[in-house]
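Down below is the structure, laid out as structure tokens.
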Amino acid sequence: MHLLLIGASNLVIKQGLVSYLESYLSKVAGIDSVTMDNLSIPSAMNMCGLSYLSRLDSTTNYDHIFVEFAVTDYPIFAHNPQLCQISFELLLLELQKLYPNCPKTVLLLGRREKKHHKLQIGIHKHMRESAAKHGFYTLDINALIKSFITPADADGELFRSLYLDGVHYRPPVVTNYIASVCALHIISKQKTPLQSVCKEVPNYRLQTFNFVKDVEGIGLIKPFESSYPQYNSIARQLTLSQELEFDVPGLPCGISFIATTDVASLMLEINGERSILHTLHRDNPPKGRIKFLVRHNPFFWMDYSNLNASIPQKSHIRLRPVQSSDPEWDEAIIRKSFGMVQTKPQNNSAHVCLLGLDYFVTDH
């Protein structure tokens, strides 16, 4: 059996649901061999998953595909629900185009803290509707877990004990149980893909400006390798004295980079509007075997409410590493991102490691 997983940390953490999925498929259906292509990245939002689709081979014969961003899409849904919904629908649309005959499922996981539950309802609603439109099943793990808890204990000790932290279920008991549910779902949906009922296809798509392939003559090309294949990346490293300036044929919507040691913040200018993005993660170096993080930052501060009519033929981009001592540093234009923090006031060896800049382009 061949599975494709696209999501965030709940699909990659040690003793997570994926760790037990193969054994349950063997127990339930006698499947001896399970291959998993896992494109999941910790903290990734759905636009990161969408940009990763370029790594896939449409000729691969997958038996089931799981998509899981219900937890990590919370920040972008809170700040820019239009962008969150647009990129999620494009992700499902592209997967349906690539693998129309494969059963596909949107996995709905939930956060622990009660203060997040109201917005989480909205996220799950839009994901459920998008799944039905584009031929995806929905497996609501969040609702299933909560069905064992009385309303009076919705934020009590028993409910909280089911979680390792605010966004991950507790291993091995809870993740083991979730794996068994996913295995039964896979078996029950074998060879029964849903068909898309989407009648209006958007006239735009996502493309990525690759900082390694699409830039010449500036910066250092630096590989980042890990025991997790989906983390392996090649970045363009820019120092404090270097700057990139280029055009893209569309509307920018996100940027990906490597969060590692000795990094600076990034001054990003789009058609004259400046923003500062931090590229240092608060857990640096990361815990465990991975010594760097792949980060994707959607441009949640931009307007995407009328995308069909608002994509320009060209956008001008200027970016460079900066620190707080830079003459153009401005606290008012810092775009905060979950987990990212400001670097040291002055570090002459500071740099940024850039992967790609995503943009929406009109699909003629």
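What is the mean projected area of the alpha carbon convex hull for segment 204-362, to one decimal in square nanometres?
Working: hull surface 38.2 nm².
Over every viewing direction, the Cα hull of segment 204-362 projects on average to 9.5 nm².
What list of ³J(HN,Hα) values in whole Hz, one per residue of segment 199-211 in order, does the Karplus curve 6.51 cos²θ - 1.76 cosθ + 1.60 (θ = phi - 60°) give from phi, with Gly and Pro shown as x?
For segment 199-211, the Karplus curve yields 9, 10, 8, x, 8, 9, 8, 9, 10, 10, 7, 8, 5 Hz.
Arrange the peptides 104-112, 162-170, 235-243 so that the one whose residues have, on average, the most other Cβ atoms within 10 Å appears first. It would help to have the intermediate numbers written out before the result.
Values: 104-112: 23.1, 162-170: 16.2, 235-243: 17.9.
Taking the mean over residues of other Cβ atoms within 10 Å, the ranking is 104-112, 235-243, 162-170.
Quick one: of the DSSP bridges fully inside segment 204-362, what percent are antiparallel, nearest 5?
95 percent
Could you check the simple spin-label distance between N232 and L184, using points 7 Å along Cα→Cβ, in nm with one decimal?
3.8 nm
Toward the positive end of the charge dipole of segment 202-251, about the Cα centre and with charges on Cβ (Lys, Arg +1; Asp, Glu -1), which of P229, L240, G217 goes farthest?
Going by the charge dipole, the pick is P229.
Kirkwood hydrodynamic radius, computed over distinct alpha-carbon pairs, for segment 2-188: how many Å, to one decimal? Intermediate results must be reported in sequence, preceding the final value.
Working: mean 1/r = 0.0598 Å⁻¹.
In segment 2-188 this quantity evaluates to 16.7 Å.
Would you mind calculating the relative contact order of segment 2-188 from Cα pairs under 8 angstrom and at least 6 residues apart, reporting the percent as a whole number?
Values: 273 pairs, mean separation 50.1, N = 187.
Relative CO of segment 2-188 lands at 27 percent.
Taking the Cα centre of segment 204-362 as origin, sum charge times position over the Cβ atoms of Lys and Arg (+1) and Asp and Glu (-1), and report the length of that vector in debye to the nearest 20.
On the way: 16 positive and 16 negative charges, 124 e Å.
I would put it at about 600 debye.
Taking the 0 to 90 degree range and rounding to the nearest ten, how far is the long axis of helix 173-188 tilted relative to the main principal axis of the chain, both from C-alpha atoms?
On a 0 to 90 degree scale, this one is about 70.
Enter the angle in degrees (range 0 to 90, nearest 10) between the Cα long axis of helix 117-133 and the first principal axis of the Cα atoms of the chain, meaning the one along which they spread out most.
Relative to the chain, helix 117-133 is tipped by roughly 80 degrees.
Mind checking which aspartates and glutamates have their Cα closer than 12 Å to the Cα of K199? Skip sequence neighbours fewer than 8 apart in that chain.
none
So how far apart, in nm, are the two label points at N308 and S58 if each is 7 Å from Cα heading toward Cβ?
Output for this residue pair reads 2.4 nm.
Just want to confirm a number: the relative contact order over segment 204-362, from Cα pairs under 8 angstrom separated by 6+ residues, in percent. Please list the in-between numbers first.
Values: 358 pairs, mean separation 64.0, N = 159.
Contact order relative to length: 40 percent.
For a quick protection proxy, order the peptides 14-21, 330-337 by their average other-Cβ count within 10 Å, most packed first. Before the final figure, lay out the partial values.
Numbers: 14-21: 19.9, 330-337: 13.1.
Top to bottom by mean Cβ count within 10 Å: 14-21, 330-337.
For the chain, what does the relative contact order come out to in percent, with C-alpha contacts under 8 Å and a separation of six or more? Can you show the working numbers first?
Details: 714 pairs, mean separation 66.7, N = 364.
Value for the chain: 18 percent.
Among all the lysines, which ones have a C-alpha under 18 Å from K222's C-alpha, if same-chain residues fewer than 8 places away are not counted?
K213, K291
Between the DSSP loop rule and a limit of at most 15 other Cβ atoms within 10 Å, which trypsin sites (Lys or Arg not before Pro) in segment 116-210 are left? Walk me through the intermediate numbers first.
Values: sites: K118, K125, R128, K133, K146, R160, K189, K191, K199, R205; in loops: K189, K191, K199.
Sites meeting the loop and neighbour criteria: K191, K199.
With everything on Cα atoms, drop me the angle between helix 17-29 and the longest principal axis of the chain, reported from 0 to 90° to the nearest 10.
Tilt of helix 17-29: around 30 degrees.
Suppose every K and R has +1 on its Cβ and every D and E has -1 on its Cβ; what is the size of the dipole of the chain about the Cα centre, in Debye to the nearest 20?
Values: 35 positive and 34 negative charges, 169 e Å.
Dipole size: approximately 800 debye.
At 7 Å along Cα-to-Cβ for each site, give me the label-to-label distance between E216 and L164 in nm.
It works out to 4.6 nm between the two label points.
Tell me, what ³J(HN,Hα) does each residue in segment 142-151 have, in order and in whole Hz, if you take phi through Karplus 6.51 cos²θ - 1.76 cosθ + 1.60 with θ = phi - 60° and put x for Gly and Pro?
Result, ordered by residue: 4, 5, 5, 4, 5, 5, 8, 10, 6, x Hz.
Just the number, please: percent antiparallel of the DSSP beta bridges in the chain, rounded to the nearest 5.
Numbers: 48 of 66 bridges.
Expressed as a percentage, antiparallel bridges in the chain total about 75.
Would you please give the FRET efficiency between A152 and A132, computed as 1/(1 + (r/R0)^6) with r the Cβ-Cβ distance and R0 = 35 Å, to the nearest 0.05?
Details: r = 32 Å, r/R0 = 0.92.
About 0.60, to the nearest 0.05.
What span do the alpha-carbon atoms of the chain cover on each of the three principal axes, reported in whole Å from largest to smallest?
Computed over the chain, the largest-to-smallest principal extents equal 60, 48, 40 Å.
Which of the GluC sites (Glu not before Pro) across segment 88-168 are loop residues per DSSP, with 15 or fewer other Cβ within 10 Å? List each step's numbers first, then the result.
Numbers: sites: E89, E94, E113, E129, E157; in loops: E113.
Taking segment 88-168 and a limit of 15 other Cβ atoms within 10 Å, the loop GluC sites (Glu not before Pro) found are E113.
In which sequence would D283, D63 go, from the one with the fewest C-beta neighbours within 10 Å to the one with the most? List each step's numbers first, then the result.
Details: D283 11, D63 18.
The most exposed by this proxy come first: D283, D63.
Can you check what the net charge comes to around L355, using other residues whose Cβ is under 12 Å from the Cβ of L355 (Lys, Arg +1; Asp, Glu -1)? Walk me through the numbers before you get to the answer.
On the way: positive: K213, K222, R236, R295; negative: D214, D358.
Spelling it out: positives minus negatives among the neighbours equals +2.
Of I317, I141, how do they rank once you tally other Cβ atoms within 10 Å and put the fewest first? Numbers along the way, then the final one.
Numbers: I317 18, I141 22.
By the 10 Å Cβ count, ascending: I317, I141.
Ordered by residue, what ³J(HN,Hα) values in Hz, to whole numbers, does segment 346-359 give under the Karplus form 6.51 cos²θ - 1.76 cosθ + 1.60, where θ = phi - 60° and Gly and Pro are x?
Per residue, the Karplus-derived 3J(HN,Hα) values read 8, 8, 5, 9, 5, 7, 10, 10, 9, 10, x, 10, 8, 8 Hz.
May I ask you to derive the FRET efficiency for A29 and S325 from their Cβ-Cβ distance with R0 = 51 Å, giving the value to the nearest 0.05? Before the final figure, lay out each step's value.
Numbers: r = 61 Å, r/R0 = 1.19.
The formula returns an efficiency of 0.25 here.
Given 0.36 nm per residue, what is the gain on full extension from K114 to K97 after removing their alpha carbon distance, in nm? Please report the intermediate quantities before stating the final value.
Values: separation 17, 0.36 × 17 = 6.12 nm, distance 3.72 nm.
Stretched fully, the K114-K97 segment lengthens by 2.4 nm.
Under 26 Å from the Cα of K118, which lysines turn up, not counting those fewer than eight places away in the same chain?
The reachable lysines, counting only those whose Cα sits under 26 Å from K118, are K133, K146, K336.
Note the full-extension length gain between Q242 and F338 as 0.36 nm times their separation in residues minus their Cα-Cα distance, in nm to one decimal. Walk me through the intermediate numbers first.
Working: separation 96, 0.36 × 96 = 34.56 nm, distance 2.67 nm.
Net length gain for the segment: 31.9 nm.
Taken together, the values in this text are just the output of simple stated rules run on the coordinates, not laboratory data. Since we're looking at a predicted model, the values are computed, not measured. Glycine also receives a Cβ, built like all others from the backbone with ideal geometry; neighbour counts cover every protein chain displayed.
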